[in-house]
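Below is one structure, written out as structure tokens; comments come after it.
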Amino acid sequence: IGAATSVCADKINENYSPTDVAAPMMPIYRQLIAAGKIRILVYSGDDDSICSTAGAQLWVWGMGVPTEAWKPWYSKGQVAGYTVEFPGMRFSTVHGAGHMVPSTRPQQAFDMFSKFLGNTW
């Protein structure tokens, strides 16, 4: 793919493997968690009409048992979503965010990433 490629270029879409889209990712996450070398944040905008929070919750809870209770997290003194820790992984929602969380809720996305990186939930 050349330098004149755009984000929605047909060349990219034509070469994208449909097999990859349908491939289950849980084994990959399990492998990463077992290696213990990285911390994983999975997040979902609760107004995402493409990848629903309910769907994300199903596969995340399928990974194991949480190590803490589901709880609210805050941005600028207001509830910004909910979060829960699993072994090797954290799942967080962002209230009012769509599919592109940093675009629809930039302050909350920044605060969520800061909390994750600083482990200050």
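The values are calculated or read from the model by the stated rules, or taken from the named source; none is laboratory data. Quick caveat, the model's predicted, so the values are computed rather than measured. FYI the Cβ positions are ideal-geometry reconstructions off the backbone, even for glycines, and counts take in every protein chain you see. Areas reflect the complete protein model, heavy atoms only, side chains present, ligands, DNA and RNA absent. Shrake-Rupley method; radii C 1.70, N 1.55, O 1.52, S 1.80 Å.
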**Message:** Below 8 Å between Cα atoms, with a sequence gap of 6+, how large is the relative contact order for the chain in percent?
**Reply:** 23
**Request:** Take the Cα atoms of the chain, build their convex hull, and give its volume per residue in Å³.
**Result:** 148
**Prompt:** How large is the helix-only mean residue ellipticity at 222 nm for the chain, computed as the sum of -39500 (n - 2.57) over DSSP H runs with n ≥ 4, divided by its residue count, in deg cm²/dmol to the nearest 500?
**Reply:** -10500 deg cm²/dmol
**Dipole axis of the chain (+1 Lys, Arg; -1 Asp, Glu on Cβ), positive-most option in A109, A34, H95** = A34
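Using a 1.4 angstrom probe, figure out how much accessible area the range 48-94 has per residue, in square angstrom, rounded to the nearest whole.
51
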**Fill in**
In nm, the gap between the two label points placed 7 Å beyond Cα toward Cβ at T67 and S114 is 2.5
**Prompt:** Of the accessible area of the chain, with the probe set at 1.4 angstrom, what percent is carbon plus sulfur?
**Reply:** 59
**Prompt:** Given charges of +1 on the Cβ of Lys and Arg and -1 on the Cβ of Asp and Glu, with all other atoms neutral, how large is the dipole of the chain about its Cα centre, in debye to the nearest 20?
**Reply:** 420
